1. Principal axis lengths of the stretch A:37-124 from Cα atoms, whole Å, largest first?
2. Can you work out the FRET efficiency for the pair B:Arg102 and B:Arg386, with r the C-beta to C-beta distance and R0 = 60 Å, to the nearest 0.05?
3. Across every pair of different alpha-carbon atoms, what Kirkwood hydrodynamic radius in Å does the stretch B:40-99 reach?
4. Translational diffusion coefficient of the stretch B:214-331 at 10 °C, 1.306 mPa s, Stokes-Einstein with Kirkwood Rh over Cα pairs, in µm²/s as a whole number.
5. Please go through the stretch B:40-115 and write out the trypsin sites (Lys or Arg not before Pro) that DSSP classes as loop and that have at most 12 other C-beta atoms within 10 Å.
6. Using the C-alpha atoms of the stretch A:254-335, what convex hull volume per residue, in cubic angstrom, is computed?
7. When ligands, DNA and RNA are left out and all protein chains stay put, how many square angstrom of accessible area per residue does the stretch A:301-414 have with a 1.4 Å probe?
8. Pick from A:Ala90, A:Ala230, A:Ala240: which is most flexible by mean-square fluctuation in a GNM of chain A where alpha carbon atoms under 10 Å apart are linked?
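The values are calculated or read from the model by the stated rules, or taken from the named source; none is laboratory data. The shown structure was predicted, so the numbers you read here are calculated from the model rather than taken from an experiment. Note: ideal-geometry Cβ built from the backbone for every residue, glycine included; neighbour counts use all protein chains shown. Side chains are part of the model used for accessible areas, which takes the heavy atoms of the whole protein and leaves out ligands, DNA and RNA. Shrake-Rupley method; radii C 1.70, N 1.55, O 1.52, S 1.80 Å.
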Amino acid sequence: MRLGQWRRRLGTALAFLGPGLIAGAAGDDAGGIATYASVGAQYGYDLLWIIGPITIALIVVQLQVARMGVVTGKGFAELIREEFGVKWTAFAMLVLLIANGSVTVAEFAGIAAAGELFNLPRFITVPIMAIVVWLIVVQASYTVAEKIFIALSAALLTYVGAALLAHPDWGHVARSLVTPVFHADAGYLTTFVALVGTTITPYMLFYLQSSLSDKGVRLEDYPAERTDVAFGSLLTTIIALFIIVSTAATLHTSGIVVDSADNAARALEPLAGEYARVLFGIGLFGASMLAASVLPLSTAYAVCGAFGWERSISMSWSQAPIFNGLYTALIAIGAAFVLLPGLPLIQVIVATQFLNGLLLPIVLIFVLRLVNDRDVMGNHTNGPVFNVLSYGTTGILILLTVSLLVISVINPSQ
Amino acid sequence: MQYVSELIGAPVRDPDGHVVGRVADLLVPADADYPAIEAVALKPARGDQRNIPWSSLRVLDDGKLGLAGPLAETPTFDPLVQQLSLARQVIDHQIIDVNGVRVVRVNDLQLAPVDGSYRLIGVDISTAGLLRRLGAARMLSALGLKLTPKAIAWEAIEPVESGTTGVKLKVSHEDLAKLHPSDIAQIISQLDQHHVHEVLETLDDEAAADAFSEVNPDLQLALIRGMEPERAADILEEMEPDDAADILGDLEPERARDLLSRMDVDEADDVRELLSYPDESAGGLMTNDIVTVPPSVTAEQAIQLVREQAAAMDNVYYVYVVDDAERLLGVLSLRELIVAEPQTPIGRVMHRELLRGRLDDSQDEAARLIAKYNLLSLPIVDDEGRLKGIVTVDDAMDVILPDDWKARLPRVYAHS
């Protein structure tokens, strides 16, 4: 079975969730949870003001790839190949492999962390779940698996309840949403980049464009997809908001830093009491498994599409060696990395999101070049508003990276 | 052998040896088997790109291109037939390999020098071609690794690219139309959405419908959604009513209603009836394309009736005998009908004992009967015993066999 076919089938299975919503929900994976929780615990409401701009950036960026998918009928990776040639494609695919490889590591770290909440050692959970994920891919049994994982990850919606029950100072929350606070230290900037990197992931952009082009959406029907994308983005950042508020109101006030899943789970205590760990564990497991079973496959799909290698799950190893090899390798490497002795799971997860934030501008520049190319998009290139917002996002990310570099050179102790 | 990727970007010199620009693209006629390069798109150091006819160029000793005269006196190419831009429209894009029945991405193009010109002969689809363009070939050969390029003949491919904008390629896809519907379906499921539509546009309704029936249901939906409604309705009309009903049943209700209203009234009625049965029931699986005869007619008259009814059908396995109220009385195979004495009334030669399914039976039950008794089709009746349709063996197989397994079976039944 082709991945496109699988993806379309997934689409039908989740008819109530469009590709935009799925792409949005994918933002709240292990990486998202760990990063948002760390942000709230460490900086309280200080970074809350980013939620507004990041929502706009997320919507704008996703709408661009959605439009590209509808107008060109091609995947993002394939479009890069056709417009920029082999060398740029090799570069873009290397970026995608690093970004998605690191997110795969994050998902397995999430699985390990979830297991440890139930006192299961990672040396048992990770290899077993890696095999489960691999079997899901090989058997193409997504319809059932996805439903289970989505249902499990819904446990994380309890953050909304937990945030409400933690009785945060809503006036403070409201003021923080519109009051930018800057700290000129490396930790703050790193967290900032990680926050952007986990909300707007390169992976999501590739995924969204492919789903829309495979779905055969006509230009006339694009407005409906636009709503779906905007709604999905909004959902992602609203959940992010609640995770930050609940961890800020519980952990930050008690001076607890999210350095373990245990601590992150404590934010759910106002709602779930002694079951906070269980709820958090289930949610984290579901969200991590969901992303872990989609990511390696969609990465292999994009890379093979760009280079013209056979890419079909039903094909044997000898027929599609690179495709099969790639997703297997991604799963194996992701799982093996987590098993490195003494790895601090939550820190590793946040670090991978930081890496994604660093790589995002590169991907965004490809998006902007393509979406503004009249040969590719005809009359559907970006208007001035979209260009200002997307170039702005790209520029700010690059600026952040550069400042971070400067700060760590000036003051390496931080 | 010369590779197009090695010519693109190469400097072009005038007779004095000055570099006047670089090769931006090569143009060949779109509809030729092994076309010669007719023009070169030249990008001067300053100014706009310009197409220069091959006659004003020559191949220099180092394999690079040179102008025959000064740039200012060189004419601009005026194409007589539609041209294909190799760098912009072919290299890095998808093409259809007609012989291999697959879609491939072009890593490079091979040119052969013929009589002072270059002819396009092959399409390099190998990883070796990718590595060469990455500039890794020299490194690999230094390591003692030899790259064997894998190429397919230009004659055996069909370009599909026309870009989102600009002039549509008018490639006839004649070779493609000659392929078996299953093969066309295989190609369709590998192409990018827009290319699929370009290919489908060149097929007639019947060929498109045949290919359509062979692609997987999710792709069918995507294609119908992406098509002009009129054309979609035309293709649905040509399909078996049960196949058409399966697609329409999965579409958004509003779109399905619109398409039905555009279809031929009789065909649409058949489909509407099938749509009224639940998906998982025998009614939802059956087709109502059936051949029926009354018991009173002679075998000779029956053959005439079959001839009239079967003209628009893909397959006829059995002839069903029904009374005036459409109640199922009996059945006979086509063979039995043909060998029967011409004047014998059908009622005398038909089999009265026959297996039948009911509309609200499950799909599995109907499929199981077909498999168990080796039937080619199973009649489905309503509560009053009226014949409403038949479940054919190929649809039954879809129920019984998992997707993968089915793909490995020889296709004996459909379109044989």
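1. 50, 38, 22
2. 0.80
3. 13.7 Å
4. Translational diffusion coefficient: 102 µm²/s.
5. Sparse-neighbourhood loop trypsin sites (Lys or Arg not before Pro): B:Arg46.
6. So the per-residue Cα hull volume is 121 Å³.
7. Accessible area per residue, the stretch A:301-414: 46 Å².
8. A:Ala90
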